[in-house]
Amino acid sequence: MAKEDRGFASMDRNKQREIASKGGKAAHQKGTAHEWTSEEAREAGRKGGMASHRRKQQQQQPTDESTMGSAPEGEQMVGGTSDSSDDTMGNDSDLSR
């Protein structure tokens, strides 16, 4: 038997569903199955939607090299890192901070 022919992931999808269904039914009978409250389901759906939206936005962003390495609006680059404090304005003469 080859290594690829072993395990749950290599099984036919219908066989996987059958085994998973048996496990779920057994957990419910035993009383250890997780049952979602409406609040838990709402929170899980919100998180999933936000993650999906974030991924789509990242895929659609242009990979323009002219914007890479620049500080976000309102921040100034100081010593290779962005610094949002107004009192540094690129002046490195006061190093006592």
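Please treat every number below as a calculation from the coordinates, not as lab data. No experiment lies behind these values; they were computed from the predicted model shown. Using ideal geometry, Cβ is built from the backbone for each residue, glycine included, and neighbour counts are taken over all protein chains shown.
If we count every other residue with Cβ under 12 angstrom of Gly24's Cβ, Lys/Arg +1 and Asp/Glu -1, where does the sum land?
Net charge in that neighbourhood comes out at +2.
Give me a comma-separated list of calculated 3J(HN,Hα) values for segment 14-28, in order, Karplus coefficients 6.51, -1.76, 1.60 applied at θ = phi - 60°, integers in Hz, x for any Gly or Pro.
Result, rounded to whole Hz: 5, 5, 4, 4, 4, 5, 5, 5, 4, x, x, 5, 5, 5, 5.
Step through the residues of segment 30-47 one at a time and calculate ³J(HN,Hα) from phi using the Karplus curve (6.51 cos²θ - 1.76 cosθ + 1.60, θ = phi - 60°), rounding each to whole Hz and writing x for Gly and Pro.
Whole-Hz 3J(HN,Hα) from phi for segment 30-47: 6, x, 9, 6, 7, 10, 6, 7, 5, 5, 5, 5, 4, 5, 5, x, 5, 4.
Write down the radius of gyration of segment 8-52 and its Dmax, each obtained from C-alpha positions, in Å.
My reading of the Cα-based Rg and Dmax gives 14.5, 36 Å.
Cross-link candidates for Lys56: which lysines have Cα within less than 16 Å, leaving aside residues fewer than 8 places away along the same chain?
Partners within reach: Lys47.
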